[in-house]
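Below is one structure; the comments refer to it alone.
The values are calculated or read from the model by the stated rules, or taken from the named source; none is laboratory data. Everything quoted here is computed from the prediction, not taken from an experiment. Glycine gets a Cβ as well: all are built from the backbone with ideal geometry, and neighbour counts include every protein chain shown. Areas reflect the complete protein model, heavy atoms only, side chains present, ligands, DNA and RNA absent. Shrake-Rupley method; radii C 1.70, N 1.55, O 1.52, S 1.80 Å.
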Amino acid sequence: METNKERYTDDELVVQFQHGDKTAFEQLVYRYKNSLYQYILSLVKDEGAAGDLFQEVFISFFKHIDSYKAQGKFKAWLFLAARNKVINYWRDTRADVSLDQTDEDGKAFLQEVLPDDSPLPLESLTGEETLEQIRKAADLLPPRQREVIELRQYLSFQEIADLLKRPLGTVLADCHRAVKKMQQLLRAQQVAEENL
């Protein structure tokens with residue numbers, strides 16, 4: 001059953017909340033509870049930590065509501081806040097973690113931290129590959145490319161560029177390289193399976 005609040009944009013809900021309407025805040029939490037939680041969970045791979053970080057994002061928003069300026073970028077702001085909370089989480093738990101790593105250590109970090117079970121928006125990889133094969137190939141990507149693939153499930157390329165403070169062309173190139181690398185990995189995997 002649709003409520004009246006579901007018809008409002010994020011910014012309209014933010015303004016309503018700034019004027020004291022607590023149901024507007026509840027609607028924002030409800031609107032992003034699945035996608036934001038899944039994004040955080042994909043980075044920390046711990047349901048308890050993901051739940052805590054999800055709450056921290058909205059607690060921070062709640063505390064700083066008066067300073068938030070509605071500019072049509074609430075979703076991007078939420079994902080940036082979540083990314084920052086995850087970075088702080090990893091900084092507190094492991095000193096050697098960076099989402100911008102691209103070396104072999106970065107691949108090891110990625111395989112340890114990022115999920116095996118989150119769907120990826122890779123329309124160009126919908127041929128004979130199974131979702132499990134796609135996930136395994138994604139695990140082998142450098143963290144920078146994997147993060148763009150993960151964020152692309154929820155944000156536009158421009159929103160990702162804004163969130164990561166990278167030029168749009170760089171984000172597009174990272175995504176293109178990620179898809180090409182995954183295609184190579186999937187072809188190699190297929191050849192290996194055929195030779196068994």
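Miscellaneous remarks
Results for (1) touching a Gly at 6+ places or on another chain (Cβ under 8 Å); (2) open to solvent by 20 Å² or more (accessible area, probe 1.4 Å); (3) in a helix (DSSP H, G or I); (4) among the hydrophobic types (A, V, I, L, M, F, W, C), shown as yes or no for each residue.
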residue	(1), (2), (3), (4)
L155	no, no, no, yes
E159	no, yes, yes, no
D162	no, yes, yes, no
L172	no, yes, yes, yes
L185	no, yes, yes, yes
A188	no, yes, yes, yes
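- For the range 38-59, a residue qualifies if it is under 17 Å from A76 (Cβ atoms) and free of Cβ contacts under 8 Å to residues at least 60 places away in the same chain, and the qualifying residues are I40, F54, V57, F58.
- The set of residues in the range 146-176 being in contact with a Ser or Thr (Cβ under 9 Å, 6 or more places away or on another chain) and modelled with pLDDT under 85 consists of E150, Q153, Y154.
- In the range 1-64, counting only helices (runs of 4 or more DSSP H) that sit wholly within it, the ones holding 3 or more residues that are open to solvent by less than 70 Å² (accessible area, probe 1.4 Å) and small (G, A, S) span 22-44, 47-63.
- Being aromatic (F, W, Y) and under 29 Å from I149 (Cβ atoms) is a condition met by at least one residue of the range 22-31.
- Within the range 174-183, being surrounded by 14 or more Cβ atoms within 10 Å (Cβ to Cβ), farther than 26 Å from Y32 by Cβ and of a type outside the set (A, V, I, L, M, F, W, C) holds for R177, K181, Q183.
- Candidates D100, D105, D92, D116, filtered to the one that is open to solvent by 50 Å² or more (accessible area, probe 1.4 Å) and at pLDDT 70 or above: D92
- Single residue of K85, K73 found to be over 27 Å from Q189 (Cβ atoms), open to solvent by 70 Å² or more (accessible area, probe 1.4 Å), of a type in the set (K, R) and at pLDDT 80 or above: K73
- Just one of the listed residues (V57, V44) is farther than 30 Å from E193 by Cα and either more than 15 Å from the chain's Cα centre (by Cα) or at pLDDT 85 or above (or both), and it is V57.
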